[in-house]
Structure formats: C-alpha cells, structure tokens
Amino acid sequence: MDFEDLFNTPRKMRIAGISLVFMLAFPLYFHFVPSLLDEDMIGGGSSGQSGNWEVGFAETPIILQETQVLGDGDTHDTFFDVMTELNLGYVELNVDCNDNDDPGPGFTDRAEGTSDVSQVEGEFAEESADGPCSGGDSGFTFRWDITQNYTGANYTATGMSESELRDMWMDGGTGRGTWAATITAEINSPPSPLGSIIDSDEEYDITWTAMAYELILQPVVEVEA
Ligand SMILES: [Ca+2]
Ligand SMILES: [Ca+2]
C-alpha cells in the first residue's frame, strides 16, 4: 500500500486522525490510571503515595505549677487534669527543691514521689523516685510518652506516605484524664537541739507539663538533575 493511499479521501483522512488520537490517548490513559488507583484505592485517599517529607511538630505545652512547703514526712497529693483535641507527645512531672537552710555541707533534704496513673486513659506504668534537694536539676522527674518515641524534633522521612506518617505520629486518644502523684518530704538537719530550728521544712516546686502538638507535613520536592 502506497503511503498516499492512506490519506487520499476525506474519509481516510478522518480515520487516520481518529487513529492518531487513540495512539496518543491510550499511552496517556495507561500512564495516569495506575497512579489514580494508587491514590484512591490502594493508599486510601489522596495521601497514599510514598515520598519524602519534612516532619515537624507545632507544640503547645499545657502546664500546671504549684509550690508546697512540707515538713519532714509530710505528704502532698498533686493532680493534673489533661483534656485536649490536639495530639499529646508526653506528660512530665518535675519536682524541684533547693535546701540551703543548713550551714555548710550535708543534711540535704530530699524529695520522694510516687505516681498514680489509674485515672488516665491508656496503659501507663507507675513511676517512683527520690532525689536530693541540691539545687539545679534536683528532686526528681517522671515522664510518660503518650505518642511513642516522641521527641518533638523535626526530621526528614523517606519513602513514606502521608497516612503512614499520620498513623505513626498520633496518641491514639490516650493520656487524657487526671494524672496524680504523692510527694513526700524528707527533712535532714544537724543532730543538735538547734537542728530542727535551723531546718524544719523545705519548699517543693511542682511542675506538670503535657506537650500537645500538631503534626506538620511538607512534601520534599525532588529536583532532578
Ligand atoms: Ca536540710
Ligand atoms: Ca530545708
């Protein structure tokens, strides 16, 4: 067949034109449809495609602070109600104290604590600790991860879908409720009649922090060389 025979009538030209459209349309169709299936059917929504992401956390701390002066063997119950629509990264209880009542070294007071997580949603381990009231990072700290492995540090995720990241960075609705702890004071003073006059109590700074956050995901745009 001569090449000219293909186009020598209007009808043949029209058929050739339609054929051309299909030749272009089918590869385009098969090029795009799998990616549509990926997103809408396989990945569950428009977030199914894997890629690289800048992962960040916009943090909003929820804080409760109180100060208690306690004598030797005194206890104080502290409570922290946590309710938020945001995700929770962690809950922390920090008890600080700085015993500077005694002249010279020694006879440092101490802080003791035990937690009560029975009124909190989810499974959390009880904590207990004690530490000296020596200023700086003294006393003790309890910390519970509400979102597993939460640090709040930004990072780049590679080869992950948006929904996988959202599943990873969520608290599962746990951590809400009333966090509680009992703090017990241990007061030490020089063994003399004046001892209890020199030092009979200590001031305890109690700080509860629930770190709430919003996940910030930004796709990393690949620039091909
Ligand atoms: Ca003391
Ligand atoms: Ca003291």
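Quick rundown of the values:
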quantity: Meets criteria (on the phi < 0 side of the Ramachandran plot, surrounded by 17 or more Cβ atoms within 10 Å (Cβ to Cβ), within 16 Å of ligand 2 (Cβ to nearest atom) and not aliphatic (A, V, I, L, M)) for Ser138; calculated: yes
quantity: Residue within the range 111-124 that is closer than 28 Å to Ser196 by Cα and surrounded by 18 or more Cβ atoms within 10 Å (Cβ to Cβ) present; calculated: yes
quantity: Residue in the range 178-192 that is assigned by TED's automatic domain parsing to the domain that holds Leu70, at pLDDT below 95 and touching a helix residue (DSSP H, G or I) at 6+ places or on another chain (Cβ under 7 Å) present; calculated: yes
quantity: Residue in the range 170-187 that is surrounded by fewer than 17 Cβ atoms within 10 Å (Cβ to Cβ) and of a type in the set (Asp, Glu) present; calculated: no
quantity: Which listed residue, of Ala181, Ala157, Ala210, is farther than 21 Å from Val82 by Cβ and more than 16 Å from ligand 2 (Cβ to nearest atom); calculated: Ala157
quantity: Scope the range 97-114; condition within 13 Å of ligand 2 (Cβ to nearest atom), at pLDDT 95 or above and among the acidic types (Asp, Glu); matching residues; calculated: Asp99, Asp109
quantity: Residues located in the range 168-200, provided they are within 13 Å of ligand 1 (Cβ to nearest atom) and in contact with an Asp or Glu (Cβ under 8 Å, 6 or more places away or on another chain); calculated: Ala185, Glu186, Ile187, Asn188, Ser189, Pro190, Ile198, Asp199, Ser200
quantity: Flag for Asp205 being surrounded by 15 or more Cβ atoms within 10 Å (Cβ to Cβ) and more than 16 Å from ligand 1 (Cβ to nearest atom); calculated: yes
quantity: Enumeration of residues in the range 169-225 that are touching a residue at least 12 places away in the same chain (Cβ under 8 Å), closer than 30 Å to Thr158 by Cα and more than 22 Å from the chain's Cα centre (by Cα); calculated: Glu222
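The values are calculated or read from the model by the stated rules, or taken from the named source; none is laboratory data. Quantities reported herein were computed from a predicted structural model and do not represent experimental measurements. Neighbour counts run over all protein chains shown; Cβ positions are idealised from the backbone, glycine included.
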